[in-house]
1. Hey, can you tell me all the residues within the range 158-186 that are crowded, with 17+ Cβ neighbours inside 10 Å and away from ligand 2 (no atom under 16 Å from the Cβ)?
2. What is the number of the single condition among (1) polar (S, T, N, Q); (2) within 15 Å of ligand 1 (Cβ to nearest atom); (3) over 20 Å from D172 (Cβ atoms) that N139 does not meet?
3. Name every residue in the range 189-238 that is touching a residue at least 40 places away in the same chain (Cβ under 8 Å) and of a type in the set (F, W, Y), in order of residue number.
4. Which of the residues that make up the range 10-29 are surrounded by fewer than 24 Cβ atoms within 10 Å (Cβ to Cβ) and outside any helix (DSSP H, G or I)?
5. All but one of (1) open to solvent by less than 50 Å² (accessible area, probe 1.4 Å); (2) part of a helix (DSSP H, G or I); (3) farther than 17 Å from T222 by Cα hold for E44, so report the exception by its number.
6. Just give me the residues in the range 37-76 being without any contact (Cβ under 8 Å) to a residue 24 or more places away in the chain, of a type in the set (G, A, S) and within 26 Å of S4 (Cβ to Cβ), in sequence order.
7. Can you tell me which of G91, G95 is in contact with a strand residue (DSSP E or B) (Cβ under 8 Å, 6 or more places away or on another chain), touching a residue at least 60 places away in the same chain (Cβ under 8 Å) and crowded, with 16+ Cβ neighbours inside 10 Å?
8. Would you mind finding the one in I83, I33 that is assigned to a loop (DSSP other than H, G, I, E, B) and open to solvent by less than 10 Å² (accessible area, probe 1.4 Å)?
Amino acid sequence: MKLSGRTVLITGASAGIGAACARAFAEEGARLILCARRAGRLEEAAEKLRGAGTDVLLLELDVRDQAAVMERIAGLPAEWREIDVLVNNAGLGRGMDKLWEGSPADWDEMVDTNVKGLLYVTRAVVPGMAERKRGHVINLGSVAGHEVYPGGAVYCATKHAVGAITRGLRMDVLGTGIRVSTVDPGMVETEFSVVRFHGDEARAKNVYRGMTALTADDIAETIVWVATRPPHVCIDEVIIKPTDQASATLVHRTT
Ligand code: NDP
Ligand code: 8X3
């Protein structure tokens, strides 16, 4: 399917995979609604994209805020309301403590963002797709939605939930023409680990020590591939890992 002139809403577009998706969809000629909390970051990205001729609308939004999600998406300017592709990417890991020593505040943040935030945005966007009988929801799952690893119980639970929501939505929209996909990466070097370790850059860097991680652009390229299949083709699920990673915990390192 050609994306030229299509409207794509990307959550978590201020960094990492979401920002790379913005660049990749722009290259396909899409119009972009970029959503995140950090308006300054979005503005910087938008300036570059607009300079290259892309039509961009910024949506400063915390996906955990149900009322704001509903109001802001319902209140989009008329020319931006027909969303063709929704990339549900906003998400995070917080902490890697053993479950019984973990922080409930970290759990809330992960569940509220990765699960409830994704649900709110989906609830706000999909009715329009159903009316128009076309659209594509692409969720960011993870290998953490297929496996569980020590210190990752809650993050993995949220990504298992994303898998269940993806499969359930796929069933619920059957017959509407809407496609639903999940792209599930292994290790991608973004700000993810810095956020997970509450800003500890050294600990974050160590996650990717001696191995070649995926880049945000690798994932964006995959997401654009998923979105550009012919309308009768739905890629339900893609699992993509670095060659150096065989499972969530089995990683080949040279140092
Ligand atoms: P980054 O930390 O680099 O980017 C996360 C993005 O999510 C930022 O733009 C951030 O924007 C946004 N975000 C976080 N919380 C909210 C919120 N409450 N409301 C709106 N936006 C929010 O991480 P990645 O790019 O790596 O992660 C993107 C997705 O990919 C996540 O769902 C993650 O779980 C998933 N993933 C990542 C992997 C990895 O190894 N990096 C592997 C597998 C999956 P802001 O702070 O400005 O709001
Ligand atoms: C992020 C990848 O392996 O840290 O979803 O869970 S991992």
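1. L169, R170, V173, I178, R179, V180, S181
2. Among (1) polar (S, T, N, Q); (2) within 15 Å of ligand 1 (Cβ to nearest atom); (3) over 20 Å from D172 (Cβ atoms), N139 violates only (3).
3. Residues satisfying the conditions are F192, F197.
4. Passing the criteria: A15, E28, G29.
5. For E44, the failing item is (1).
6. Those that are without any contact (Cβ under 8 Å) to a residue 24 or more places away in the chain, of a type in the set (G, A, S) and within 26 Å of S4 (Cβ to Cβ): A46, G51, G53.
7. Residue meeting the stated conditions: G91.
8. Numbers: I33 fails: assigned to a loop (DSSP other than H, G, I, E, B).
After applying the criteria, what remains is I83.
The values are calculated or read from the model by the stated rules, or taken from the named source; none is laboratory data. These figures come from a predicted structure and were not determined experimentally. Cβ sites come from the backbone with ideal geometry, for glycine too, and all protein chains shown count toward neighbours. Protein only, heavy atoms only, side chains kept; ligands, DNA and RNA dropped before computing areas. Shrake-Rupley method; radii C 1.70, N 1.55, O 1.52, S 1.80 Å.
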